[in-house]
Amino acid sequence: MTQVRFPKPHATLNLNLTTPLSTACTYFDVWGQEDPLWCLNTHDPLNPFFEARTLGNPWRTWYWFLCNEPLASWATGAPDGQPSLVSRKIDSPYWQRQCEMHFPPQNGQKYGSSNGKTPESLNKETGGWLRNSTRVIWTSG
């Protein structure tokens, strides 16, 4: 058990690091890959995680939502000088690059953030957090 200590007033976080890294991709084992770390390769356009354009890819609809309607809700590393549970190498460009892998242009059609949509343009379109309306619900499913 490894302990991560944060500056006060944060508590100590106990991490169980005894599980081998080789099990990192077992959640995605629906594609039966031989390399136990295949799902961590975010640069290979032939990776089944990006290439599977079927309902068998459990992440595809969520990625479409994040790539087409740029909510910028990526899990990223904290700024330098701040404690971070996520690697600082995981930043917005890391996630945006995956959008290109999941949804390459087809017949000239592209997803929203590749066409210039930004969190700011989405907020302008929807009113963002300051929208003044009643009986409105936004859903993603």
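Residue under question is Trp31, and the condition is that it be surrounded by 14 or more Cβ atoms within 10 Å (Cβ to Cβ) and either of a type in the set (D, E, K, R) or modelled with pLDDT under 75 (or both); does it hold? So that I can check it myself, show each step before the final result.
Details: surrounded by 14 or more Cβ atoms within 10 Å (Cβ to Cβ): yes; either of a type in the set (D, E, K, R) or modelled with pLDDT under 75 (or both): yes.
Yes: the conditions hold for Trp31.
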Inset, instruction - Could you figure out which of (1) loosely packed, with under 13 Cβ neighbours inside 10 Å; (2) touching a residue at least 24 places away in the same chain (Cβ under 8 Å); (3) hydrophobic (A, V, I, L, M, F, W, C) isn't true of Val86? - result: (2)
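The values are calculated or read from the model by the stated rules, or taken from the named source; none is laboratory data. All values derive from a computational prediction rather than experimental measurement. Please note: Cβ atoms are built from the backbone with ideal geometry, for glycine as well, and neighbour counts cover all protein chains shown.
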